[in-house]
Amino acid sequence: EFRRVLFRSGEIPKTPFFHTPIIDPKLSLETDRSGLGMMAYFVEVSTIWGDVLAQAYRSEYQPVDQYGEPAEEFHQQQMAKLENWKAGLGAHLRPSQDNIDRAFHGGYIGGYVSLWMLYHCAAMKLCRHVRFQYMQPEHIDRNLAQTRHHAHEILRMMPSLAKANRERRMPRSAFIISTPFMGYAIFT
């Protein structure tokens, strides 16, 4: 509803695109985010996803002596970014049955689900695509636990989506959220 009010009034919320020292820190991601739309959150999580993908593909070619500590530092930084992203989401985008129902009725369920799939997939790729033979055992255990948690969260969302879908009184075979990335996330 707040998007419609902003649209009708002609107000365009300021979106902090980059997190660099050149930009005024008061415009950074820690400021009031109540006016951000879903696309702004997509930009943020997509940036993290891109960094994770790049590192996953690069790590295969990194010399062993450059892998251990730098890889752990990268892991810590990206997990912190993901958690900050999640903490900064508007209340209407947090995972809950009420928000899923609202997203269905509001017509933005595809975006809502894709947002969460991207978040969980970024975390899983970060934890899974590593050179475990050069990692400390406690870091391997942590990565396994984090991967399991995010996989569980993806699968846990499915019954909520099915419930909301059934309550729309659609045919059993009609499931309106069908994107290649969602299939990738479930398969992952």
Name the residue farthest towards the positive end of the dipole of the range 34-123 from the options Gly107, Thr47, Tyr67, assuming +1 on Cβ of Lys and Arg, -1 on Cβ of Asp and Glu, about the Cα centre. Gly107
Separation between the Arg4 and Glu83 pseudo-spin-labels, each 7 Å from Cα along Cα→Cβ, expressed in nm? 3.8
Heavy-atom accessible surface of the range 42-111: percent carbon and sulfur, 1.4 Å: 54
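The values are calculated or read from the model by the stated rules, or taken from the named source; none is laboratory data. Computed from a predicted model, the values in this text were never measured in an experiment. Cβ atoms come from the backbone with ideal geometry, glycine included; neighbour counts cover every protein chain shown. When the accessible area is computed, the model is the full protein with side chains, heavy atoms only, and any ligands, DNA or RNA have been set aside. Shrake-Rupley method; radii C 1.70, N 1.55, O 1.52, S 1.80 Å.
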